[in-house]
Amino acid sequence: MKTSIVGFPRVGKFRELKFASEKYFKGEISAEELEGVAKELRSCHWKVQKDSGLDFISSNDFSFYDNMLDTAVLLNVIPKRYKDLNLSYIDTYFAMARGYQGNNGDVKALAMKKWFNTNYHYMVPEIDDSTIISLKGNKIFDEYKEAKASGIETKPVIIGAFTFLKLARFVGEKGVEDYTDQIISAYQEILKNFAQLGAKWVQFDEPYLVHDITSEDISLFNQIYQNILVAKGDVKVLLQTYFGDIRDCYGEVVSIDFDGIGLDFVEGKKSLELVGENGFPEDKILFAGVVNGKNIWRNQYTKTVNTIKDLQKNCKNIVIGTSCSLLHVPYTLKSETKLSDIYKKHFAFAEEKLSELNELKEILSSSYPENTKWYLDSKKLFEEDRNCTNITVRERTNAIKEEDFIRLPEFAVRESIQKETFGLPLYPTTTIGSFPQTADVKANRTALRKGNITKEQYDEFNKNKIAECVALQEEIGLDVLVHGEFERNDMVEYFGECLNGYLFTEKAWVQSYGTRCVKPPIIWGDVSREKPMTVEWSVYAQSLTKKPMKGMLTGPVTILNWSFPREDISLKESAYQIALAIRDEVLDLEKNGIRIIQIDEAALREKLPLRKSDWESDYLDWAIPAFRLVHSGVKPQTQIHTHMCYSEFTDIIPAIDNMDADVITFEASRSDLQILDSLKENNFKTQVGPGVYDIHSPRVPSVEEIKSALDKMIEKIPAEKLWVNPDCGLKTRGNEETKPSLEHMVESAKLLRKENE
Ligand code: GLN
Ligand code: ZN
């Protein structure tokens with residue numbers, strides 16, 4: 001029995017890659033120095049994997065920003081506007097990732113989207129009619145050679161041709177069919193190069209297969225691989241899938257000339273059944289993803305052993321591995337010095353998952369797996385009572401009634417009451433919540449954590465920041481203000497720390513996009529609110545201005561989706577527990593004079609099942625009610641906002657309307673406003689603020705640029721429903737670009753108002 005992982009985290013135990021990249025962006029270190037850090041990280045990660053006893057170690061899972069972007073660059077899918085900047089290789093790469101504004105030109109970044117049902121984001125490759133797909137880059141080969149030079153044989157990993165084409169954006173006349181031959185040749189060449197380099201295995205990631213796919217998709221997949229694999233020579237090819245099962249194409253996939261097939265037995269509800277019912281070819285190896293690559297709970301060996309035994313009835317050659325890349329879990333539990341062992345023994349981060357694989361290997365290699373120490377230890381651990389039930393919380397969720405999900409009066413009535421109450425101008429301007437988390441803000445937090453300042457000093461600093469922020473917004477002329485969220489490290493972790501039932505970590509970072517990492521808290525037990533979490537800050541901020549101050553909360557679905565969830569109760573149950581806690585906060589804000597409350601559901605779309613057939617029954621039927629539960633108790637005058645970002649919403653527009661908020665703001669500028677049509681088609685009732693500029697890039701948008709986005713918006717959205725705001729919160733931005741950007745935004749809204757006079 002051998003072991004494998006789909007990929008390993010790359011930012012480093014202490015986010016070294018993040019810090020080095022950010023220094024590079026600021027011009028504080030050279031490209032060589034950045035590469036030096038990267039090289040050290042790769043070598044360290046390979047060594048950790050090797051020392052753990054892992055049999056298949058990945059390379060090219062490293063990336064300076066994103067693997068999809070790496071693949072695009074490797075395949076020469078670099079839009080002309082980036083090539084025209086005439087920058088170095090690495091700077092062209094970063095220009096695609098982050099946009100560029102400087103001596104060589106001014107271009108926006110590529111679109112960014114959530115990677116399947118995770119909180120990781122990928123850069124969307126853009127193919128126009130002048131694109132020629134061909135193998136141009138060499139990163140994948142260099143990394144293989146680099147590992148080999150240090151004595152480590154790796155399996156290079158790359159996004160497969162099918163998934164690449166399916167996720168790419170075709171902006172010209174041409175489509176997938178026009179690029180099939182080109183991409184086939186490029187991948188053939190990749191295989192030939194690896195054959196020459198003496199590589200034993202290459203892994204093609206094809207997660208797209210876990211969607212509901214059509215028969216055309218299956219033919220495309222077939223065509224691509226029948227052709228690519230002709231070139232494999234002595235290289236063995238592993239077709240890796242994850243985030244679900246491949247029920248639509250299992251038969252086809254296993255009949256193609258792959259040497260290994262990676263299936264997900266954690267999220268793939270039907271994977272076991274597929275193998276059981278259809279068998280598995282004797283000449284191939286099944287890479288069985290049995291260790292959860294997305295959650296941090298320890299593997300339940302008793303269950304895993306059963307799964308493997310089941311599989312062995314149909315499958316001679318099994319390699320055990322992770323369900324997906326370990327990119328989605330933190331690096332190591334060893335960095336958690338404050339979390340007691342009582343908790344820690346229930347968790348496994350990336351490094352510990354490597355040990356789990358090794359333990360499973362020992363268990364499964366024994367003639368009496370059930371008698372091995374690891375097996376017995378695991379059994380005992382899972383039999384233990386974790387002491388995490390709260391009777392009051394259980395009683396409260398059990399008592400939820402149908403009417404608790406319904407806000408009265410209905411939307412249209414509230415809308416006119418609120419127009420009167422607030423008297424806002426047409427096209428009201430606002431921001432999404434956070435203002436730049438500058439070095440001093442972070443230093444203040446660090447100082448409190450290290451005990452260098454008192455809680456009073458900490459609060460005092462934040463209050464000054466709030467006052468500055470309010471003054472700035474008044475100066476800029478925004479209509480609805482925010483306090484700036486300086487007291488929050490992160491929109492979910494902050495609430496996690498305030499709520500009972502949560503555990504939080506020190507160094508458990510997970511990459512979200514590029515250099516941005518998040519530290520998801522862990523839901524350990526039943527969740528409840530002990531005391532108000534945000535009221536003091538919002539009330540203080542409101543006291544500084546006559547304009548409405550938005551109270552800022554994170555919604556239950558996002559809190560849940562961005563936490564590591566429990567595996568012993570349902571997501572629905574957890575969502576309702578959190579919803580009731582946030583509901584109490586909403587009512588407290590209202591009681592204390594806050595008249596607009598924004599409940600962010602940034603991640604609502606994120607955990608939507610990948611298969612449409614599961615949307616309603618597996619998700620929306622509790623996610624939308626959970627949100628409604630939070631705000632159904634407020635007065636008609638109180639305006640409820642929500643905010644969503646970075647995903648394709650077009651397909652769930654009715655569900656979003658059904659959240660019954662009064663206003664929704666969302667990311668739109670990166671996806672070229674495609675969503676507007678869909679709002680119009682669906683007769684969207686909620687007022688909307690589609691983001692007018694991209695906050696993920698330091699570029700300052702011009703007045704003309706924002707105005708032209710607004711012009712497009714008013715073609716589709718009724719004037720009295722349109723809000724003007726950036727894409728998302730400004731916390732990752734600097735002060736330098738924030739002020740002019742917002743000034744340009746306010747200026748554009750004024751221009752638009754003038755036109756309507
Ligand atoms: N209110 C949050 C902020 O502005 C929203 C962040 C998000 O949607 N990711 O930071
Ligand atoms: Zn956002």
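The values are calculated or read from the model by the stated rules, or taken from the named source; none is laboratory data. These numbers were taken from a predicted model, which means no experiment stands behind them. Using ideal geometry, Cβ is built from the backbone for each residue, glycine included, and neighbour counts are taken over all protein chains shown.
Condition (residue is part of a loop (DSSP other than H, G, I, E, B), within 16 Å of ligand 1 (Cβ to nearest atom), in contact with a Pro (Cβ under 9 Å, 6 or more places away or on another chain) and of a type in the set (A, V, I, L, M, F, W, C)) applied to the stretch 724-745: is it met by at least one residue?
Within the stretch 724-745, one or more residues are part of a loop (DSSP other than H, G, I, E, B), within 16 Å of ligand 1 (Cβ to nearest atom), in contact with a Pro (Cβ under 9 Å, 6 or more places away or on another chain) and of a type in the set (A, V, I, L, M, F, W, C).
Given D205, D217, which one is touching a Ser or Thr at 6+ places or on another chain (Cβ under 8 Å) and in contact (Cβ under 8 Å) with a residue 12 or more places away in the chain?
D205
What's the number of the only condition in (1) in contact (Cβ under 8 Å) with a residue 24 or more places away in the chain; (2) of a type outside the set (V, I, T); (3) not in a helix (DSSP H, G or I) that D404 fails to meet?
Only one criterion in (1) in contact (Cβ under 8 Å) with a residue 24 or more places away in the chain; (2) of a type outside the set (V, I, T); (3) not in a helix (DSSP H, G or I) is unmet by D404, namely (3).
Can you spot a residue in the stretch 604-623 that is more than 29 Å from V124 (Cα to Cα), within 15 Å of ligand 1 (Cβ to nearest atom), in contact with a strand residue (DSSP E or B) (Cβ under 9 Å, 6 or more places away or on another chain) and not polar (S, T, N, Q)?
Among the residues of the stretch 604-623, not one is more than 29 Å from V124 (Cα to Cα), within 15 Å of ligand 1 (Cβ to nearest atom), in contact with a strand residue (DSSP E or B) (Cβ under 9 Å, 6 or more places away or on another chain) and not polar (S, T, N, Q), which makes the answer no.
I'd like the residue in the stretch 517-539 that is farther than 18 Å from F564 by Cβ and charged (D, E, K, R) and, out of all such residues, is surrounded by the most Cβ atoms within 10 Å (Cβ to Cβ).
R529
Would you mention how many residues in the stretch 143-178 are farther than 20 Å from H211 by Cβ, surrounded by 15 or more Cβ atoms within 10 Å (Cβ to Cβ) and of a type in the set (S, T, N, Q)?
Here the count works out to 1.
Please verify whether A668 is closer than 23 Å to R583 by Cα and surrounded by 17 or more Cβ atoms within 10 Å (Cβ to Cβ), treating the condition exactly as stated.
When the stated conditions are applied, A668 does not pass them.
When the residues of the stretch 722-737 are filtered to those that are in contact with a strand residue (DSSP E or B) (Cβ under 7 Å, 6 or more places away or on another chain) and not basic (K, R), which remaining residue is nearest to ligand 2 (Cβ to nearest atom)?
G729
Only residues that are more than 22 Å from the chain's Cα centre (by Cα) and part of a helix (DSSP H, G or I): list them for the stretch 163-181, please.
First pass over the stretch 163-181, keeping only residues more than 22 Å from the chain's Cα centre (by Cα): 170-181.
Listed by number, the residues that qualify are V176, E177, D178, Y179, T180, D181.
L553 is checked against (1) part of a helix (DSSP H, G or I); (2) within 22 Å of D459 (Cβ to Cβ) and fails just one. What number does that condition carry?
Unmet for L553, out of (1) part of a helix (DSSP H, G or I); (2) within 22 Å of D459 (Cβ to Cβ): (1).
Could you pull out the residue among F204, F221, F194 that is over 18 Å from F164 (Cα atoms), of a type in the set (F, W, Y) and buried (at least 21 other Cβ atoms within 10 Å of the Cβ)?
Testing whether each residue is over 18 Å from F164 (Cα atoms), of a type in the set (F, W, Y) and buried (at least 21 other Cβ atoms within 10 Å of the Cβ) leaves just F194.
Considering only residues that are on the phi < 0 side of the Ramachandran plot and in contact with a Cys (Cβ under 7 Å, 6 or more places away or on another chain), which ones fall in the stretch 222-248? First the steps, then the outcome.
Applying the first criterion (on the phi < 0 side of the Ramachandran plot) to the stretch 222-248 yields 222-232, 234-242, 245-248.
The answer is Y242, and nothing else.
Taking the stretch 693-716 as the search range and keeping residues that are assigned to a loop (DSSP other than H, G, I, E, B) and at pLDDT 95 or above, which one is surrounded by the most Cβ atoms within 10 Å (Cβ to Cβ)? Working first, answer last.
Going through the stretch 693-716, the residues assigned to a loop (DSSP other than H, G, I, E, B) turn out to be 693-702.
Subset that is at pLDDT 95 or above: 700-702.
On the way: V700: 18, P701: 23, S702: 16.
Residue satisfying both the conditions and the ranking: P701.
When residues of the stretch 84-128 are filtered for being more than 23 Å from M644 (Cα to Cα), of a type in the set (F, W, Y) and out of contact with any strand residue (DSSP E or B) (no Cβ under 6 Å at 6 or more places or on another chain), how many remain?
Total satisfying the criteria: 3.
What are the residues in the stretch 568-598 that are touching a residue at least 60 places away in the same chain (Cβ under 8 Å), away from ligand 1 (no atom under 16 Å from the Cβ) and crowded, with 19+ Cβ neighbours inside 10 Å, if any?
Those that are touching a residue at least 60 places away in the same chain (Cβ under 8 Å), away from ligand 1 (no atom under 16 Å from the Cβ) and crowded, with 19+ Cβ neighbours inside 10 Å: Y576, Q577, I578, L580, A581, R595.
Can you pull out every residue in the stretch 88-110 that is out of contact with any Gly (no Cβ under 8 Å at 6 or more places or on another chain) and buried (at least 20 other Cβ atoms within 10 Å of the Cβ)?
Y93, F94, A95, M96, Y100, L110 - these are the residues of the stretch 88-110 that are out of contact with any Gly (no Cβ under 8 Å at 6 or more places or on another chain) and buried (at least 20 other Cβ atoms within 10 Å of the Cβ).
Just give me the residues in the stretch 425-444 being more than 16 Å from ligand 1 (Cβ to nearest atom) and without any contact (Cβ under 8 Å) to a residue 60 or more places away in the chain, in sequence order. Don't jump to the end; show me each part of the working.
Initially, the stretch 425-444 is screened for residues more than 16 Å from ligand 1 (Cβ to nearest atom), giving 425-428, 439-440, 443-444.
Across the stretch 425-444, the qualifying residues are A439, D440, A443, N444.
Pairs needed: first member in the stretch 640-663, closer than 18 Å to V413 by Cβ; second member anywhere, within 14 Å of ligand 2 (Cβ to nearest atom) and in a helix (DSSP H, G or I); C-beta distance under 8 Å; at least 6 residues apart or different chains.
none
Matching residues to (1) of a type outside the set (K, R); (2) under 27 Å from S134 (Cα atoms); (3) in contact with a Ser or Thr (Cβ under 6 Å, 6 or more places away or on another chain):
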position	(1), (2), (3)
M1	yes, no, yes
R15	no, no, no
E28	yes, no, no
V48	yes, no, no
D70	yes, yes, yes
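Among the helices (runs of 4 or more DSSP H) contained in the stretch 430-508, which hold 3 or more residues that are at pLDDT below 95 and either buried (at least 19 other Cβ atoms within 10 Å of the Cβ) or among the acidic types (D, E) (or both)?
Details: elements: 439-449, 455-476, 493-498.
Because the criterion is at least 3 residues that are at pLDDT below 95 and either buried (at least 19 other Cβ atoms within 10 Å of the Cβ) or among the acidic types (D, E) (or both), the helices (runs of 4 or more DSSP H) in the stretch 430-508 that meet it are 493-498.
Is the stretch 512-521 home to any residue that is over 30 Å from F62 (Cα atoms) and polar (S, T, N, Q)?
No: the stretch 512-521 contains no residue that is over 30 Å from F62 (Cα atoms) and polar (S, T, N, Q).
Given the conditions (1) under 18 Å from E648 (Cβ atoms); (2) surrounded by 18 or more Cβ atoms within 10 Å (Cβ to Cβ); (3) not acidic (D, E), report the number of the one that N682 does not fulfil.
(2)
I'd like to check something: does the stretch 151-170 contain any residue that is in contact with an Asp or Glu (Cβ under 9 Å, 6 or more places away or on another chain) and either of a type in the set (K, R) or modelled with pLDDT under 95 (or both)?
Checked against the condition, which is being in contact with an Asp or Glu (Cβ under 9 Å, 6 or more places away or on another chain) and either of a type in the set (K, R) or modelled with pLDDT under 95 (or both), the stretch 151-170 yields at least one hit.
Any residue in the stretch 364-390 that's in a helix (DSSP H, G or I): show its pairings with residues that are of a type in the set (D, E) at Cβ separation under 6 Å, as long as the two are six or more apart or on different chains.
W374/E359
Residue under question is E601, and the condition is that it be charged (D, E, K, R), within 16 Å of ligand 1 (Cβ to nearest atom) and under 30 Å from T214 (Cα atoms); does it hold?
Spelling it out, it is not the case that E601 is charged (D, E, K, R), within 16 Å of ligand 1 (Cβ to nearest atom) and under 30 Å from T214 (Cα atoms).
Give me the pairs: first residue in the stretch 297-326 and modelled with pLDDT under 95, second residue outside any strand (DSSP E or B), beta-carbon distance under 7 Å, and six or more apart or on different chains, which are they?
What qualifies is K316/E282.
Which numbered condition in (1) away from ligand 1 (no atom under 16 Å from the Cβ); (2) out of contact with any helix residue (DSSP H, G or I) (no Cβ under 9 Å at 6 or more places or on another chain); (3) closer than 30 Å to T421 by Cβ is the only one that H643 fails?
(1)
Restricting to the stretch 682-723, and then to whatever is away from ligand 1 (no atom under 16 Å from the Cβ) and among the polar types (S, T, N, Q), can you tell me which residue is nearest to A412 (Cα to Cα)?
Within the stretch 682-723, the match that is nearest to A412 (Cα to Cα) is T686.
If I go through the stretch 432-473 residue by residue, how many of them are touching a helix residue (DSSP H, G or I) at 6+ places or on another chain (Cβ under 7 Å) and within 16 Å of ligand 2 (Cβ to nearest atom)?
Residues meeting the conditions: 2.
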